[in-house]
1. Can you tell me which residue is surrounded by the fewest Cβ atoms within 10 Å (Cβ to Cβ) among those in the range 305-327 that are out of contact with any helix residue (DSSP H, G or I) (no Cβ under 8 Å at 6 or more places or on another chain) and among the hydrophobic types (A, V, I, L, M, F, W, C)?
2. Just to be sure before I move on: is Thr320 outside any helix (DSSP H, G or I), of a type in the set (S, T, N, Q), at pLDDT 95 or above and under 22 Å from the mean Cα position of the chain (by Cα) in the structure I sent?
3. Which residue, of Leu259, Leu244, Leu238, is more than 20 Å from Pro296 (Cα to Cα) and either out of contact with any Lys or Arg (no Cβ under 8 Å at 6 or more places or on another chain) or not aromatic (Phe, Trp, Tyr) (or both)?
4. Run Ala260 past the list (1) among the small types (Gly, Ala, Ser); (2) within 27 Å of Asp65 (Cβ to Cβ); (3) exposed (fewer than 13 other Cβ atoms within 10 Å of the Cβ) and report the number of the one that doesn't hold.
5. Taking the residues in the range 46-105 that are among the charged types (D, E, K, R) and under 24 Å from Ser253 (Cα atoms) as candidates, determine which candidate is surrounded by the fewest Cβ atoms within 10 Å (Cβ to Cβ).
6. If you check Gly28, Gly21, which single one turns out to be in contact (Cβ under 8 Å) with a residue 12 or more places away in the chain, part of a loop (DSSP other than H, G, I, E, B) and out of contact with any Pro (no Cβ under 9 Å at 6 or more places or on another chain)?
7. Determine the pairs where a residue that is under 20 Å from Thr20 (Cα atoms) and surrounded by fewer than 15 Cβ atoms within 10 Å (Cβ to Cβ), located within the range 376-398, has a partner that is small (Gly, Ala, Ser) and modelled with pLDDT of 95 or more with Cβ atoms under 6 Å apart, the partner being 6 or more residues away or on another chain.
Amino acid sequence: MRAELLRAAVVGAGIGGLATGLALYRRGIDVTVYEQAPALGEVGAGVQLTPNSFRLLDRFGLGEDLRQLGVKLDQRRSRYYRMDGTPIAPVLTTDSKGNALYGIHRADLVSVLAANLPSDVVRTSHRCTGFSQSDSAARLEFENGTVTEADVVIAADGIHSSLQRHVVEPAEPVNSGSVAYRGLLAADANPSWPTDRFELWMGAGKHFLVFPVRAGTLINFVGFVPSEVHAEESWSALGDPAVLTASFAGWDSRIEKLLATVRNTFWWGLYDREPLWRWTHGRLTLLGDAAHPMLPHLGQGANQSIEDAVALSIVLTDATPETAPVRLLEYEALRHPRTTDVQAGSRANGLRYDSRYEDLIVRDVELDAVKAFRLSLYDYDVEQAAIDALSRRQDIGL
């Protein structure tokens, strides 16, 4: 029976790839997810699951596990601060119905997604080295000698996607002028630090954020600092804790005390990119960072990839090998405008966070006003949007 289903191959088993595998599998599509690494895993860091994606995973039945592993971030206590600790405005952490934002460890999210897929869906140690397609099928080649065919291929292989070039000329990375230092600290080693909220401090050209993960046992921190160095665009490059600490000397004493306990940190360069003009070519489409890499200043990278996954699964419902390429274009048409808006919003928010204003009162007013944009992000239901698009197609007999 499964051999008669639409065949989908997902390249990349990060958050976006696994979410896509799960969404397609739940829709009855014969899906295989290929991962180049020998085992699943994510570099240890925190991610925010905002309401727009959490509700989707909740509908998949993952909500209870995610609530246990994550931390519900308290709307009443989450705050923006000036560098000296003066409160500016509350941080919006719920949608209009009160559904919350959760802090979660990336590895925990990957584990939950993978645990809800049959064991034969994910194939590790499969580095994709070749792609070709014909009118009837797409073909993937892997470094280990495996060759497979599929009706659709979804490139969820990240910001340095090897498949992106088969769709479009990659967008040139533009150095944002900032690097980010990130790390995790044990909450019990910092007993005075609250583990129920999102907090963010802003100063000239810098900002520092903190939120809890792993059921409140770990404190996730990220410090964004200006740099002329063209740092590696990697989450696993070792950073210098002394440089991080010196970068925030003289800030709120809470930050100084927290950084005094840091022994290890990682850093990565922040690069911006213009939106790609297309995501799809024939039977190949892009998803997540391969389609719409964005700066991290709205915390939407993982969330938008989960939205992509759900939208794609609905658009491919009842597709045949013959109609699949057209359905991929429908997925792109549905998702491209929204992710373009989020990319632009992330860029603008970075300017606010780094206080690149002559008048800081203007920044403080904008931070309060940007709530409306965040609310629109969090209230958006991609599942309903995709169902509506499917209904319109059926109404005109396509």
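The values are calculated or read from the model by the stated rules, or taken from the named source; none is laboratory data. Being a predicted model, the structure only gives us computed values, none of them experimental. Backbone-built Cβ (ideal geometry, glycine too); neighbour counts: all protein chains shown.
1. This residue is Val326.
2. No: the conditions fail for Thr320.
3. Leu259
4. (2)
5. Among residues in the range 46-105 that are among the charged types (D, E, K, R) and under 24 Å from Ser253 (Cα atoms), the one surrounded by the fewest Cβ atoms within 10 Å (Cβ to Cβ) is Arg76.
6. Just one listed residue meets the conditions, Gly28.
7. Close Cβ pairs (under 6 Å, with a partner that is small (Gly, Ala, Ser) and modelled with pLDDT of 95 or more) do not exist here.
To keep it simple, each residue is scored yes or no on (1) under 17 Å from Asp30 (Cα atoms); (2) of a type in the set (Phe, Trp, Tyr); (3) in a strand (DSSP E or B); (4) modelled with pLDDT under 95.
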| position | (1), (2), (3), (4) |
| --- | --- |
| Ser96 | no, no, no, no |
| Gly103 | no, no, yes, no |
| Ser132 | no, no, yes, no |
| Asp135 | no, no, no, yes |
| Glu149 | yes, no, yes, no |
| Asp157 | no, no, no, no |
